[in-house]
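Notes for the one structure printed next.
The values are calculated or read from the model by the stated rules, or taken from the named source; none is laboratory data. Keep in mind it's a predicted model, so treat the numbers as computed, not measured. As a convention, Cβ positions derive from the backbone with ideal geometry for all residues, glycine included, and neighbour counts pool all protein chains shown. The area values use the complete protein model at the heavy-atom level, side chains included, leaving out ligands, DNA and RNA. Shrake-Rupley method; radii C 1.70, N 1.55, O 1.52, S 1.80 Å.
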Amino acid sequence: MGLGMLLSTAHNQSRARMNQALRPLGIDVRGFAMLLALPIYGPVSQRDLIRHTSIDKSTMVRVIDDLEEAGLVSRERMPHDRRAYSIVLTHRGEQTLAEARRTAEEVGGQIFGRLSETELRH
C-alpha cells in the first residue's frame, strides 16, 4: 500500500474515532472545528469564518445551522451592518467546547499514546 493510501486510511480512521467520541456532545469534527475557531476569530461573520477556516460556503452553512439548532452558537446582527450576522458562541457552546477539548485529548492519547514526547513534538 502506498504512503498516500496509508495516510488517507489513518486520517479516516482517526476522524471516525473522533466523531464517535464527540457524538454524545451532539457535535462532530466539523462542529468541533467551528467551536474551536470562534474564540479565536469571533464574534465573526460567516463570510469571515469561511475565509479563516477554508471551509466551503455550503458546508459552513450546514455546520452553523446544526450548531445553532443545538444551541451552541447564535447568529446576531452586526452593529455596523444590520444586513450581516456574526456567529457567537453561546454559554452552552462554551461548555460543549470545554468538554470536546477534553474528549479530543483522550482520543489523541489513544491514537498517539505509544509515541514518546520527542516523537510527538516532531
Check your understanding: What pairs can you find where one residue is in region 95-122 and modelled with pLDDT of 90 or more, the other is of a type in the set (Gly, Ala, Ser) and open to solvent by less than 80 Å² (accessible area, probe 1.4 Å), and their Cβ atoms are less than 6 Å apart, with a gap of 6+ or different chains?
Key -> 103/21; 107/21
Review point. Which pairs do you get when a residue that is closer than 11 Å to residue 87 by Cα, found in region 31-43, comes within reach of a residue that is assigned to a helix (DSSP H, G or I) and open to solvent by 30 Å² or more (accessible area, probe 1.4 Å), reach meaning Cβ atoms under 8 angstrom, with the pair 6+ apart or on two chains?
Key: 34/53; 37/52; 37/53; 41/48; 41/52
Review point. In the set 55, 64, 111, which member is of a type in the set (A, V, I, L, M, F, W, C) and open to solvent by 40 Å² or more (accessible area, probe 1.4 Å)?
Key: 111
Review point. If you check 27, 55, which single one turns out to be within 20 Å of residue 105 (Cβ to Cβ), of a type in the set (A, V, I, L, M, F, W, C) and in a loop (DSSP other than H, G, I, E, B)?
Key: 27
Point to revise | Condition broken by residue 101, with the remaining ones in (1) over 26 Å from residue 12 (Cβ atoms); (2) of a type outside the set (Val, Ile, Thr); (3) surrounded by 12 or more Cβ atoms within 10 Å (Cβ to Cβ); (4) out of contact with any helix residue (DSSP H, G or I) (no Cβ under 7 Å at 6 or more places or on another chain) satisfied | key: (1)
Study note, to complete from the structure: Picking from 74, 86, the residue that is among the hydroxyl-bearing types (Ser, Thr, Tyr), surrounded by 14 or more Cβ atoms within 10 Å (Cβ to Cβ), at pLDDT below 95 and not in a helix (DSSP H, G or I) would be 86
Check your understanding: Mind checking which residues of region 102-122 are hydroxyl-bearing (Ser, Thr, Tyr) and in a helix (DSSP H, G or I)?
Key -> 103, 118
Check your understanding: Of all residues in region 21-46, how many are more than 19 Å from residue 90 (Cβ to Cβ), surrounded by 12 or more Cβ atoms within 10 Å (Cβ to Cβ) and not small (Gly, Ala, Ser)?
Key -> 1
Review point. Is there a residue in region 94-106 that is among the small types (Gly, Ala, Ser) and on the phi > 0 side of the Ramachandran plot?
Key: no
